[in-house]
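Worksheet: one structure, shown below.
Rule-based calculations on the coordinates, nothing more; no lab input. Bear in mind that the values here come from a model prediction, so they are computed numbers and not experimental data. Reconstructed Cβ throughout: ideal geometry from the backbone, glycine too, with neighbour counts over all protein chains shown.
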Amino acid sequence: MKLEPEEASQWVDEFLAKVTDFKDLDLDVALCPSFVVIGNIYQKIKDTEFKLGSQDCFWEDDGSFTGEVSPKVLKSLGCEYAIIGHSERRYYFNESDEQVNLKVKAALRNDLIPIICVGETFEERKEGRKDFVIMQQVQEAIKGLRLLGNDQLIVAYEPVWVIGSGQAVDPDEAEHANQVIRQTLLDNFPLEEVEEKTRIIYGGSVNPGNVQSFYDEPTIDGFLVGTASLEFESFSQIIKLYAKSL
């Protein structure tokens, strides 16, 4: 909730002008603006290689749920992704693991790729509960799921205590957390589905200055960029640096 509609529109125009040389890269790059500008942003990127996502979605397609946004509507507006279970949603709005699970199922039902956010707080980390918290959040988010047809899902490890701090975790620690996530996925889905239908990414103060340190970690398939994405030059630089590592 940072950019006003005019600012978001200008951001996209400047970003598209900056990244014209990235068209042939084998990367999935999704922009996830606030709900109120999704339609406008889609019109700007629909003929480009870039994709659209939302920052949340509701768990029902329609009904009397004032103030919520239907995944069915998001799909009709051009969205291909939906961020679900972000720590700010969990903290400020008391979003439960059960609600995250319902939203993940709703996203898949509407051919959206859920980006499931998981991560520990500083207190949970101090208590030595990090791995347990991550396993539980992943387990509950995918409870009862079957990845059918073209279904895909992404799990984003975002340690809550570093979000917005400008300080990312050590790459080895991010890799360990991603291995915990991967094992939890393997406990629930066949190996082939995990290999072909899931990705695990890292988020939490990712910026052009630290993103390269994560490239060599085997389970980190990409990044969920937060604050650094508010500056189109920083975001485009992250994409360019990552593309060079492939």
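Some observations on this one:
- Around Ser34: net Lys/Arg minus Asp/Glu count, Cβ-Cβ under 14 Å: -3
- Among Glu140, Glu196, Glu231: highest mean-square fluctuation, GNM of the chain, C-alpha pairs under 10 Å: Glu196
- Annotation: for a label point projected 7 angstrom from Cα along Cα→Cβ of Leu186, residues of region 145-163 with backbone N closer than 19 Å are 147, 153-157.
- Label-to-label distance, nm, for residues given as Lys46 and Ala243 (7 Å Cα→Cβ offset): 2.4
- Partners of Lys240 within straight-line reach, counting aspartates and glutamates whose Cα lies under 14 Å from its Cα and excluding those fewer than 8 residues away in the same chain: Asp21, Asp24, Asp26, Asp28.
- Within region 29-245, antiparallel bridges make up roughly 0 percent of the DSSP beta bridges whose residues both belong there.
- Summing charges over all other residues whose Cβ lies under 12 Å from the Cβ of Ser87, with Lys and Arg as +1 and Asp and Glu as -1, gives -3.
- Within region 84-125, backbone nitrogen closer than 17 Å to the virtual label 7 Å beyond the Cα of Glu173 toward Cβ: 118-125
- When the alpha carbon coordinates of the chain are projected onto the principal axes, the ranges are 46, 45, 36 Å, largest first.
- Checking the Cα-Cα distances for Lys105/Lys130; Lys75/Lys105; Lys2/Lys244; Lys18/Lys44; Lys75/Lys197; Lys2/Lys130 against a 22 Å cut-off, the pairs over it are Lys105/Lys130; Lys2/Lys244; Lys2/Lys130.
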